[in-house]
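Asks: Just dropping this structure here.
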Amino acid sequence: MLARAAQYDKPRLTLRAHRLKRGASMAQTFAAEKPEHRDAIERVLGRAFGPGRYAKTSERVREQGAIFEPMLTRVAINDKGTVIGVCRIWRVEAGPQQIYFLGPLAVDPSEQSAGLGLALVREAVAGCRANGGSGIVAVGAERFFHPLGFSVVPAGRITLPGPVDPARLLWLELRPGGLDKVQGELRPPKR
């Protein structure tokens, strides 16, 4: 599955936007996550979510053995070389189908409200699609994810290892029929 992802390893400049907050960067580079990004990503996650992030049901999915996909994960790096956002991707299963699980998605508070989160998701989705993925599941606000094609998972199709608001359980089909066999609890992939 990772064979085609290598082409997305090279950083590329893809977003220039007017910033709504003073001091926010004007340009970002998106890249696959590398080990040297880890500490900076933890700072962004800490600033965006605080310690409460570990209590979320999404964290249970990752803790139970989801496989991290750094080549599909996207980080945003500002013009000073600082990591300012991240959209992580994990491999999971639901029923007989392998799919991706998106999250956490975080943008440093000093860089929020300018479309960077949406751009990070767009970049990660493109990488997953190019890698031959069948679908992506996320927990989040439909109004945020809908412009990229995400929709609410039909009742009873997917469960997580803990409580989740059904209106926030979303998915995106990456290829025709890619979500047809997806059913059951998200769990670590068998293969």
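Asks: So what is the relative contact order of the chain, in percent, for Cα pairs below 8 Å that sit 6 or more residues apart?
Replies: Relative contact order, the chain: 23 percent.
Asks: Further question on the same structure: Tabulate in residue order the Karplus-calculated ³J(HN,Hα) for region 74-86, using 6.51 cos²θ - 1.76 cosθ + 1.60 with θ = phi - 60°, rounded to whole Hz; enter x for Gly and Pro.
Replies: 10, 10, 9, 10, 7, 5, 9, x, 9, 5, 10, x, 8
Asks: Also, quick follow-up: Helix 116-130 versus the longest principal axis of the chain: what is the Cα-based angle in degrees, 0 to 90, to the nearest 10?
Replies: 50
Asks: Also, quick follow-up: Under 29 Å between alpha carbons: how many lysine pairs meet that in the chain, if sequence neighbours fewer than 8 apart on the same chain are excluded?
Replies: 12
Asks: Quickly estimate the mean residue ellipticity at 222 nm for the chain, helices only: each DSSP H run with n ≥ 4 gives -39500 (n - 2.57), and the total goes over all residues, rounded to 500.
Replies: The per-residue figure over the chain is -5500 deg cm²/dmol.
Asks: With each label point set 7 Å from Cα along the Cα-Cβ vector, what nm distance links residue 54 and residue 141?
Replies: About 2.7 nm, to one decimal.
Asks: Compute the helix-to-body angle for 38-49: its Cα long axis versus the longest principal axis of the chain, expressed 0 to 90° and rounded to tens.
Replies: Approximately 80 degrees, to the nearest ten.
Asks: Report the per residue volume, in Å³, of the convex hull enclosing the C-alpha atoms of the chain.
Replies: So the per-residue hull volume is 115 Å³.
Asks: What is the calculated FRET efficiency for residue 190 to residue 38, with r their C-beta to C-beta distance and R₀ = 22 Å, to the nearest 0.05?
Replies: Between residue 190 and residue 38 the formula returns 0.20.
Asks: In whole Å, how far is the Cα centre of region 141-191 from that of region 28-89?
Replies: When both Cα centres are located, 20 Å separates them.
Asks: What's the extension gain from residue 47 to residue 168 if we count 0.36 nm per residue and subtract their Cα-Cα distance?
Replies: 41.3 nm
Read the figures in this text as sums done on the coordinates, not as results from a lab. None of these values were measured; they are calculated from a predicted model. Counting neighbours? That spans all protein chains shown, and the Cβs are built from the backbone with ideal geometry, glycine included.
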